[in-house]
Amino acid sequence: MSRKLEISKSFRIDVTALFTRCMPTSIFIIVFLLFGLTSPRFLQPESLLNIAKQASYIGIAALGMTLVLITGGVDLSLGSTVYLSTIVAGLLMRDYGLSPVAASFVCLLAGAGIGGFNAFFITRLKILPFVVTLATMIAGRGLGLLLTKSRALEFPAAILKVGAFKLFGFLPLPILLFALSATAIQLFLSRIPLGRHYYAVGFNAENARRAGLPVDRIIASAYVLCGICASLGGLVAVTQLGIVNAGFGKGDEFDAIAAAVLGGAALSGGVGSAFPGTVIGALMIRMIWSGLVSAKINLYFQPMIFAVILFLAVMLDTRRNMIIARQRRKIISLRKDKQT
Amino acid sequence: MTPLISIRNIDKSFFGAPALRSVSFDIIPNRILGLIGENGAGKSTLMNILCGELQPDSGELYFRGRPFRLEGPAAAAEAGIALIHQELNLFNNLSIADNLFLSRYPRRGPWIDKGAMHDKALQLLHQVGLDLPPNWLLERLRPGERQLVEICKALHADAELVIFDEPTTSLTAAEKERLFQVIDGLKQRGKTIIYISHDLDEVMRLCDDIVVLRDGRMVDFGAASEFTLQRMIASMCGCELEYLFPIRQGTPQAQVLLEVRHLSAEGLVEDVSFEIRKGEILGLFGLMGSGRTELARLLFGLEPFDSGRIVFNGRILEQPSPRRCIELGMAFVTENRREEGLLIDGTVQDNLVLATLNRFVDFARFLDAEKMASESEAQVRQLNLRCTSLKQIVKSLSGGNQQKVVLGKWLLARPLLFILDEPTRGIDVGAKYEVYSLINHLADEGAGILMISSELEELTALCDRLLVIHRGEIIKSFTKDQFDAEKILEAAFHL
């Protein structure tokens, strides 16, 4: 083989390696360019900022979901947590005159409480997360409907004013909060022992127990944090909408799971990140929806196209793991060559 | 000298079946204690008690002369006991450094001190001669390297007593050497070591003292210098086992059963040619990662090949599938019986009939329970398989009996060719002998056998011919009269 060919071959491997290692980001860029080419309007700063703003609510909730997924669990009650925690805050403000700040705090507390409720059944009674959170999802929604008698709950106008806040006059509050929570969660996952323990538990809980980690407490904390993230996401949505109706948050758990999985998290646990991971995933979901609208795709085809993109992205991600595994094999054999 | 740990009259039963009966011995500090015994002798139970996983039913433990109790793995770690398990307790999705410090990260405030972690990891890794970047994901490491990481964990925890449970089963010869050096290094640093292994030569070489367990009792104890291989074996099985290997009487027939020509698959094997005749036992020797398992997987259709030809029993196999291979009369016993060879939570019978379910259906394609039971029964008797009933869960059998179940499963299919990948890995001396006899018997009945093993001794004792594979290529072939351990090893290392 000529020298030139060899170089080009090794270069090719490096490019595929780069592409496969950063699969979520790569797909994100491709989708972005695709929509940008089909509709120039899509690329305007305004529209991009709008996408980011719309992604913030699900994005923040999805950060919590990411934590739970990394530990190898799932939280199906996320949408109901969003609903119930904002209802509690809204009722306290409307009927008991609680200040918005205090009410927000109570909202987060309620989210933590629901997470703790899930955690209790999962870690103490050893019931599968899927079953526990499914029950919480149904019960939480029911409780919320009971409290509001199924009527929409309006929030004070001051809330909308807060929601219109822009940092430096251009960065909307939801994006700001999304960025802050993503940074916090990512730092937590990469730089705090508890965050690292999530990955260990998600890879193999029995191994983690034998390594002396308090597995139950670790798992419980993930559900509590997920509840807090969900209620924070709910708060962000409320500052934009000013109202909570009976369907608020319904089905959000699946958007959150989709965002996390698009961002590289695995339902089998042990893998995932807040940034770039889930942030990219959440942005991508909003981007696809807006892109489909600005590309003037038939309304009825949009969900199907969305489904195809979601499916392809996850399939590519699975492929990625296979490709990486194959490369590892090559690297290992190369290292062997060096040793001999 | 005060013993580091004294074990006094420890009893432990599981559901009424005694696993340990009144075991007592001392672990002397700064010495290497070899613990040997057949599978099911109680070694694992004893170690699980020492590392806090199990509580003894009665008896006492003393740590430097003071009585102590171990409740849970964390307590054992606290007391300075580290167990390096056969299946490593590591996390492939985390970095080397994460694995080392998982339960005790160096911190700065609430944060992990990444700088300190990196430096400390480098230093620990250097102590065992593993100079790799600590931020590498563990999945990039080879089995031997992963084990060194586990040893680093014990070093980091500043363990007084390090227990090695079958540490060498998945290591190459070079990695074993390195491990022994590391163990010697640990001893020089004043640590105490318990070394559990089926490889008696290793135990002889490495250990200062030897404890032999049989049926839950301690049957022999003494300085390693007083032991011979014969004494170890005699103590372990309670009888004089004269030969380690049965004598092979049969000779291969003339008819070629499997012919492989110029077989290549990228990254796995290259230009491999050989043939197996009826009634022949062909050995395949190579280091871990040399392509020996990959070759077996190719023959059985588990991996596709790029070029070459496989002719089996007169038929050309073009891109075979495992299903097709089974139909034509091949059997594959994998090196991973727990993961690939068995339904580990299934019963003995479930496993035995698995490969031949089609034979047990009646006219309406329903399974014939009576027929399955009677044939399984016959198989159990033929194999001398020790189980309480056909309904016993395979997981609860000893390693040797599990392997017999795997073999029995294939025997029911009456195959023409057996591909055996490490058929005696992790099973005890007595069971090994039975497996060898069975292989001999199969060959005598005209089956062809491809036997892959890391144990050169068993290959030279059993095989008619031996191929040496190195980096995916067959680099040398030996006939029985040319067998010479040194030459074969030289070829395998490609010296």
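The values are calculated or read from the model by the stated rules, or taken from the named source; none is laboratory data. Just so we're clear, the structure is a prediction, and the values are computed from it rather than from any experiment. Note that we place each Cβ from the backbone using ideal geometry, even for glycine, and neighbour counts take in every protein chain shown.
Numbers for the structure displayed
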| quantity | calculated |
| --- | --- |
| In segment A:189-213, the residues that are part of a helix (DSSP H, G or I) and β-branched (V, I, T) | A:V201 |
| Meets criteria (among the hydrophobic types (A, V, I, L, M, F, W, C), in contact with a Cys (Cβ under 8 Å, 6 or more places away or on another chain), more than 14 Å from chain A (Cβ to nearest Cβ) and crowded, with 16+ Cβ neighbours inside 10 Å) for B:A224 | yes |
| Candidates B:L241, B:L229 - the one that is closer than 18 Å to B:K432 by Cα, modelled with pLDDT under 90 and loosely packed, with under 13 Cβ neighbours inside 10 Å | B:L229 |
| Residue within segment B:163-180 that is more than 14 Å from chain A (Cβ to nearest Cβ) and assigned to a strand (DSSP E or B) present | yes |
| Test: residue in segment A:132-141 that is of a type in the set (V, I, T), in contact with a Leu (Cβ under 6 Å, 6 or more places away or on another chain) and surrounded by 12 or more Cβ atoms within 10 Å (Cβ to Cβ) | yes |
| Residue check for B:P133: away from chain A (no Cβ under 14 Å), of a type outside the set (S, T, Y) and part of a loop (DSSP other than H, G, I, E, B) | no |
| Residue match in segment B:171-185 (condition: surrounded by fewer than 20 Cβ atoms within 10 Å (Cβ to Cβ), polar (S, T, N, Q), over 20 Å from the mean Cα position of the chain (by Cα) and within 30 Å of A:A184 (Cα to Cα)) | no |
| Of residues in segment B:101-120 being over 15 Å from B:I151 (Cα atoms) and aliphatic (A, V, I, L, M), the one nearest to the other protein chains (Cβ to nearest Cβ) | B:I112 |
| Candidate set from segment B:477-495 (those that are surrounded by fewer than 18 Cβ atoms within 10 Å (Cβ to Cβ) and at pLDDT 85 or above); member that is nearest to the other protein chains (Cβ to nearest Cβ) | B:S477 |
| Some residue of segment A:78-90 being within 30 Å of A:N207 (Cα to Cα) and at pLDDT 95 or above | yes |
| Boolean, B:L257 is in contact (Cβ under 8 Å) with a residue 24 or more places away in the chain, more than 29 Å from B:P143 (Cα to Cα) and out of contact with any Pro (no Cβ under 8 Å at 6 or more places or on another chain) | yes |
| Long-range neighbours under 6 Å by Cβ, at least six apart or interchain, first residue within 14 Å of B:G52 (Cβ to Cβ) and at the interface with chain B (Cβ under 7 Å from one of its Cβ atoms) within segment A:199-213, second in a helix (DSSP H, G or I) and at pLDDT below 90 | A:R210/B:P73; A:G212/B:P73; A:G212/B:A74; A:G212/B:A77 |
| Of all residues making up segment B:387-408, the number that are touching a residue at least 60 places away in the same chain (Cβ under 8 Å) and under 28 Å from B:Q255 (Cα atoms) | 2 |
| Selection within segment B:208-226 - farther than 18 Å from B:G42 by Cβ, acidic (D, E) and either in a helix (DSSP H, G or I) or modelled with pLDDT under 90 (or both) | B:E226 |
| Hits in segment B:386-433 (condition: part of a helix (DSSP H, G or I), more than 26 Å from B:F360 (Cβ to Cβ) and not aliphatic (A, V, I, L, M)) | B:G399, B:G400, B:G430, B:K432, B:Y433 |
| Options A:Q186, A:Q240: the member that is part of a helix (DSSP H, G or I) and within 14 Å of another protein chain (Cβ to nearest Cβ) | A:Q186 |
| Wholly enclosed strands (runs of 3 or more DSSP E) of segment B:237-332 bearing at least 2 residues among the charged types (D, E, K, R) | B:256-265, B:269-277 |
| Sole exception among (1) farther than 25 Å from B:S437 by Cα; (2) surrounded by fewer than 19 Cβ atoms within 10 Å (Cβ to Cβ); (3) in contact (Cβ under 8 Å) with a residue 12 or more places away in the chain for B:N384, by number | (1) |
| Exclusive hit being in contact (Cβ under 8 Å) with a residue 24 or more places away in the chain, away from every other protein chain (no Cβ under 11 Å) and either in a helix (DSSP H, G or I) or more than 20 Å from the chain's Cα centre (by Cα) (or both), set A:G169, A:G227 | A:G227 |
| Inter-residue pairs, beta-carbon under 6 Å, first away from chain A (no Cβ under 14 Å) and in segment B:288-306, second among the polar types (S, T, N, Q), 6+ apart | B:G301/B:S321; B:D306/B:S264 |
| Residues of segment B:37-63 classified as surrounded by fewer than 23 Cβ atoms within 10 Å (Cβ to Cβ), touching a residue at least 60 places away in the same chain (Cβ under 8 Å) and on the phi > 0 side of the Ramachandran plot, total | 1 |
| Meets criteria (farther than 30 Å from B:E53 by Cα and within 14 Å of chain B (Cβ to nearest Cβ)) for A:S273 | yes |
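So that you can scan it fast, the table gives a plain yes or no per residue for (1) in contact with a helix residue (DSSP H, G or I) (Cβ under 6 Å, 6 or more places away or on another chain); (2) closer than 30 Å to A:R319 by Cβ; (3) surrounded by 24 or more Cβ atoms within 10 Å (Cβ to Cβ):
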residue	(1), (2), (3)
A:Q240	yes, no, no
A:I243	no, no, no
A:F254	no, yes, no
A:L262	yes, yes, yes
A:A266	no, yes, no
A:A274	yes, yes, yes
A:V279	yes, yes, yes
A:M284	yes, yes, yes
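Residue-by-condition table, conditions (1) of a type in the set (D, E, K, R); (2) more than 14 Å from chain A (Cβ to nearest Cβ); (3) touching an Asp or Glu at 6+ places or on another chain (Cβ under 8 Å); (4) closer than 20 Å to B:T168 by Cβ:
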{"residue": "B:V394", "(1), (2), (3), (4)": "no, yes, yes, no"}
{"residue": "B:V405", "(1), (2), (3), (4)": "no, yes, no, no"}
{"residue": "B:L411", "(1), (2), (3), (4)": "no, yes, no, no"}
{"residue": "B:A431", "(1), (2), (3), (4)": "no, yes, yes, yes"}
{"residue": "B:A443", "(1), (2), (3), (4)": "no, yes, yes, no"}
{"residue": "B:S453", "(1), (2), (3), (4)": "no, yes, yes, yes"}
{"residue": "B:D464", "(1), (2), (3), (4)": "yes, yes, yes, no"}
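Yes/no matrix, rows are residues, columns are (1) more than 9 Å from chain A (Cβ to nearest Cβ); (2) of a type outside the set (G, A, S); (3) under 25 Å from the mean Cα position of the chain (by Cα); (4) not in a loop (DSSP other than H, G, I, E, B):
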| residue | (1), (2), (3), (4) |
| --- | --- |
| B:A74 | no, no, no, yes |
| B:L83 | no, yes, yes, yes |
| B:L90 | no, yes, yes, no |
| B:N99 | no, yes, yes, yes |
| B:L122 | yes, yes, no, yes |
| B:G129 | yes, no, yes, no |
| B:L148 | yes, yes, yes, yes |
